[in-house]
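J.: Please see the structure below; I have some questions.
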Amino acid sequence: MPTHAETRVLRYTPEQMFDMVADVRRYPEFLPWCVGARILSRTDGELVADLTIGFKMFRETFRSRVTLERPDHIHVAYETGPFRYLNNHWRFRPVADGTEVDFFVDFEFRSRILQMAIGVVFNEAVRLMVRAFERRAMVLYGRTTAPVAPGTPAPSASR
């Protein structure tokens, strides 16, 4: 039942954001509590992956089918694992300052113990995960400036 929706404008292209989020096998390198990722199948439009999440004494693996609609939408459909349900999507929309990233997640664990444990820290955990994706974009793509339309003065960079 925890739900989180967040929209941010990031100074990268939709293609860059899409590629970074779609690179599920790299999640353990930067995403908090993601301790394993295994791609079971992949095509241009879809991948099936197992992710293992670990937090304190909990360690759970779940399988998702990820629809890749380049460059503007990634939808995660839950298949098997510790959840009753999991709904997750990413949308990428070009804007003057870069890309508007819309992130949504809604889930419920089957286990009441897991649900209670995550309920206490859910909002902060999701914020940490979103920040981890932002930091990952900076590592991969640098502190880029937004795309500038012809005739528009370039925005000043704040560092």
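J.: Got a sec? Charge dipole of the chain, +1 on Cβ for Lys and Arg, -1 for Asp and Glu; which of TRP90, VAL24, VAL101 is way out at the positive end?
T.: VAL24
J.: Give the share of C-alpha pairs in each 10 angstrom bin for the chain, from 0 to the last occupied bin, in whole percents, shortest bins first.
T.: Computed distribution, short to long bins: 10, 38, 34, 14, 4, 0.
J.: Working out 0.36 nm times the residue gap between ALA125 and ARG143, then minus their Cα-Cα distance, what length gain in nm do you get to one decimal?
T.: Details: separation 18, 0.36 × 18 = 6.48 nm, distance 2.45 nm.
Here the segment from ALA125 to ARG143 would lengthen by 4.0 nm.
J.: Still on this structure, I have one more. Skipping prolines and chain starts, which residues have an amide H placed within reach, meaning under 5 Å, of the one on VAL95, given they are 5 or more residues away or on another chain?
T.: Here the answer is GLU100, since their amide H atoms fall under 5 Å of that of VAL95.
J.: I'd like the orientation of helix 112-141 relative to the chain: the angle between its Cα long axis and the longest Cα principal axis, in ° from 0 to 90, rounded to 10.
T.: Compared with the principal axis, the helix lies near 30 degrees.
J.: Hey, another quick one. With just the Cα atoms of the stretch 87-134, tell me how far they stretch along each of the three principal axes, in Å, largest first.
T.: Principal-axis extents of the stretch 87-134 (Cα, largest first): 45, 18, 11 Å.
J.: Sticking with this one: For the stretch 1-85, what does the equivalent ellipsoid look like in terms of its semi-axes, each the square root of 5 times an eigenvalue of the Cα gyration tensor, given largest first in whole Å?
T.: Numbers: eigenvalues 96, 51, 37 Å².
Square roots of five times the eigenvalues give 22, 16, 14 Å.
J.: Further, regarding this structure: Spelling out what I want: for every residue of the stretch 97-109, take phi, set θ = phi - 60°, compute 6.51 cos²θ - 1.76 cosθ + 1.60 (Karplus), and round to whole Hz; glycine and proline get x.
T.: 8, x, 9, 7, 9, 10, 10, 9, 9, 8, 7, 8, 6
J.: Ok, one more. Go through the stretch 28-33 residue by residue and turn each phi into a ³J(HN,Hα) via Karplus (6.51, -1.76, 1.60, θ = phi - 60°); whole Hz please, and just put x for glycine and proline.
T.: Karplus-based 3J(HN,Hα) across the stretch 28-33 equals x, 6, 9, 8, x, 6 Hz.
J.: Within the stretch 31-130, which trypsin sites (Lys or Arg not before Pro) sit in a loop by DSSP and count at most 16 neighbouring Cβ atoms inside 10 Å?
T.: Working: sites: ARG38, ARG42, LYS56, ARG59, ARG63, ARG65, ARG84, ARG91, ARG110, ARG112, ARG127; in loops: LYS56, ARG110.
Counting only loop positions with at most 16 other Cβ atoms within 10 Å, the trypsin sites (Lys or Arg not before Pro) in the stretch 31-130 are LYS56, ARG110.
J.: OK, next. Using +1 at the C-beta of Lys and Arg and -1 at the C-beta of Asp and Glu, which of THR7, GLY81, VAL35 has the Cα lying farthest in the positive direction of the dipole of the chain?
T.: Result: VAL35.
J.: Assign unit charges at the C-beta atoms only (+1 for Lys and Arg, -1 for Asp and Glu), then state the dipole size of the chain relative to its Cα centre in Debye, rounded to the nearest 20.
T.: Here the size comes out at about 500 debye.
J.: Calculate what fraction, in whole %, of the accessible area of the chain sits on carbon and sulfur atoms when a 1.4 Å probe is rolled over the protein chains.
T.: 54
J.: Averaged per residue, what accessible surface does the stretch 39-108 expose to a 1.4 Å probe, in Å²?
T.: Values: 3720 Å² over 70 residues.
On a per-residue basis, the stretch 39-108 sits at 53 Å².
The values are calculated or read from the model by the stated rules, or taken from the named source; none is laboratory data. Nothing here was measured: the structure is a model prediction, and the numbers come from that model. Methodologically, a virtual Cβ is constructed for each residue, glycine included, from the backbone with ideal geometry; neighbour enumeration extends over all protein chains shown. What goes into the accessible areas is simple: the full protein's heavy atoms, side chains included, and nothing from ligands, DNA or RNA. Shrake-Rupley method; radii C 1.70, N 1.55, O 1.52, S 1.80 Å.
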